[in-house]
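For reference, the structure discussed in these notes is given below.
The values are calculated or read from the model by the stated rules, or taken from the named source; none is laboratory data. In this text, all values refer to a predicted model and were calculated from it rather than measured experimentally. For neighbour counting, all protein chains shown are included, and Cβ atoms are generated from backbone atoms with ideal geometry for every residue, glycine included. Surface accessibility is based on the protein's heavy atoms, side chains included, excluding ligands, DNA and RNA. Shrake-Rupley method; radii C 1.70, N 1.55, O 1.52, S 1.80 Å.
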Amino acid sequence: MLYLFPKLGDLKIPVVLYFMAILTMVLSALTLWNSHSYGKIVFHGALLFMVSDSLIAINKFQFAVPFAGFLIMSTYILAQWFIVDGIKNKVTG
């Protein structure tokens, strides 16, 4: 966030709010780490989701990330997979 902030222009407030939402998701998933068997899976998914969104932001506001499309989509797909798999493990337990 601090790395991107100077280049955000008029988007500073929306990007900060979105960052806070993503950070809240990751921290919420972290609270599951030791309390539930599925917590580690969900946390890794949330972390990968944050990586995916960070790559999007860096690619848009800082510099062109090599293989951006592949890196963004692969981290996003893995993130969704881990989150859904963790929740599925919670339900089927």
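List pairs: first in segment 52-69 and polar (S, T, N, Q), second open to solvent by 60 Å² or more (accessible area, probe 1.4 Å) and modelled with pLDDT of 95 or more, Cβ under 6 Å, 6+ apart or cross-chain?
Close Cβ pairs (under 6 Å, with a partner that is open to solvent by 60 Å² or more (accessible area, probe 1.4 Å) and modelled with pLDDT of 95 or more) amount to Ser52/Tyr76.
Taking interchain pairs and intrachain pairs at least six residues apart, which have beta carbon atoms under 6 angstrom, with the first residue in segment 2-15 and open to solvent by less than 80 Å² (accessible area, probe 1.4 Å) and the second part of a helix (DSSP H, G or I)?
Here the result reads Leu4/Ala57; Leu4/Phe61; Leu8/Val15, each pair linking segment 2-15 to a residue that is part of a helix (DSSP H, G or I).
Any idea which of Thr75, Thr92 is hydroxyl-bearing (Ser, Thr, Tyr), at pLDDT 95 or above and farther than 21 Å from Pro14 by Cα?
Numbers: Thr92 fails: at pLDDT 95 or above.
Result: Thr75 is the single residue among Thr75, Thr92 that is hydroxyl-bearing (Ser, Thr, Tyr), at pLDDT 95 or above and farther than 21 Å from Pro14 by Cα.
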